[in-house]
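Working notes, beginning with the structure itself.
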Amino acid sequence: QIELVESGGGSVQAGGSLTLSCVPSTVAYVPYCMAWFRQAPGKEREGVAAIGTKDNTYYADSVKGRFTISRDSVKNTLYLQMNSLKPDDSAVYYCAQDYPGHEGGRWLLTATYGYWGQGTQVIVSS
């Protein structure tokens with residue numbers, strides 16, 4: 001089994017920045033793809049950003065130009081750098097790893113990912 005642990009959530013003013021981190025405790029297979037999702041109260045979980053095995057990246061239209069997904073192979077850590085935050089960005093953010101056998105595509109869909117963290121909350125105030 002693989003376990004993901006997120007950190008870095010908190011409260012910020014609109015226009016501020018925040019960086020989220022995710023550390024897998026066990027890697028099920030190599031290479032692998034990872035992503036960030038978010039879920040606000042009363043809404044479905046939505047894909048925010050994803051990164052492939054060749055460091056190719058994909059973003060939801062709502063965060064393009066503001067968020068950056070990256071990873072540090074030495075530290076085995078996934079990051080989400082969030083800039084110019086808006087109140088609509090408020091949500092619980094989750095990191096995820098793709099299912100074994102995923103060969104690309106469907107980057108921002110929950111069905112692509114089989115391993116999830118517990119989430120970290122982000123609150124952006126006006």
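Residues of the range 91-101 that are within 16 Å of residue 34 (Cβ to Cβ) and crowded, with 18+ Cβ neighbours inside 10 Å: 93, 94, 95, 96, 97, 98.
Summed over the range 17-52, the residues that are modelled with pLDDT of 90 or more and either open to solvent by less than 20 Å² (accessible area, probe 1.4 Å) or closer than 15 Å to residue 112 by Cα (or both) give a count of 16. Among the residues of the range 2-13, those that are in a loop (DSSP other than H, G, I, E, B) and over 12 Å from residue 122 (Cβ atoms) comprise 2, 3.
For the range 113-126, taking the residues that are open to solvent by less than 30 Å² (accessible area, probe 1.4 Å) and in contact with a Ser or Thr (Cβ under 7 Å, 6 or more places away or on another chain), the one that is farthest from residue 39 (Cα to Cα) is identified as 124. What's the total number of residues in the range 97-126 that are part of a strand (DSSP E or B) and touching a residue at least 60 places away in the same chain (Cβ under 8 Å)? Residues flagged as part of a strand (DSSP E or B) and touching a residue at least 60 places away in the same chain (Cβ under 8 Å) within the range 97-126 amount to 12.
Within the range 68-90, the set of residues being open to solvent by 10 Å² or more (accessible area, probe 1.4 Å) and not in a loop (DSSP other than H, G, I, E, B) comprises 68, 70, 71, 72, 77, 79, 81, 87, 88.
Taking (1) polar (S, T, N, Q); (2) within 16 Å of residue 58 (Cα to Cα); (3) open to solvent by 60 Å² or more (accessible area, probe 1.4 Å); (4) out of contact with any Lys or Arg (no Cβ under 8 Å at 6 or more places or on another chain) in turn, residue 110 satisfies each apart from (4). If you scan the range 57-67, which residues turn out to be open to solvent by less than 50 Å² (accessible area, probe 1.4 Å) and either of a type in the set (A, V, I, L, M) or over 14 Å from the mean Cα position of the chain (by Cα) (or both)? Correct list: 60, 63.
Residue-wise test of (1) farther than 19 Å from residue 107 by Cα; (2) in contact with a Leu (Cβ under 8 Å, 6 or more places away or on another chain).
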{"position": "15", "(1), (2)": "yes, yes"}
{"position": "35", "(1), (2)": "no, yes"}
{"position": "47", "(1), (2)": "no, yes"}
{"position": "52", "(1), (2)": "no, no"}
{"position": "58", "(1), (2)": "no, yes"}
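The values are calculated or read from the model by the stated rules, or taken from the named source; none is laboratory data. Since the structure is predicted, the reported quantities are computational estimates derived from the model, not experimental observations. Glycine gets a Cβ as well: all are built from the backbone with ideal geometry, and neighbour counts include every protein chain shown. We work out accessible area using only protein heavy atoms, side chains counted, and drop any ligands, DNA or RNA first. Shrake-Rupley method; radii C 1.70, N 1.55, O 1.52, S 1.80 Å.
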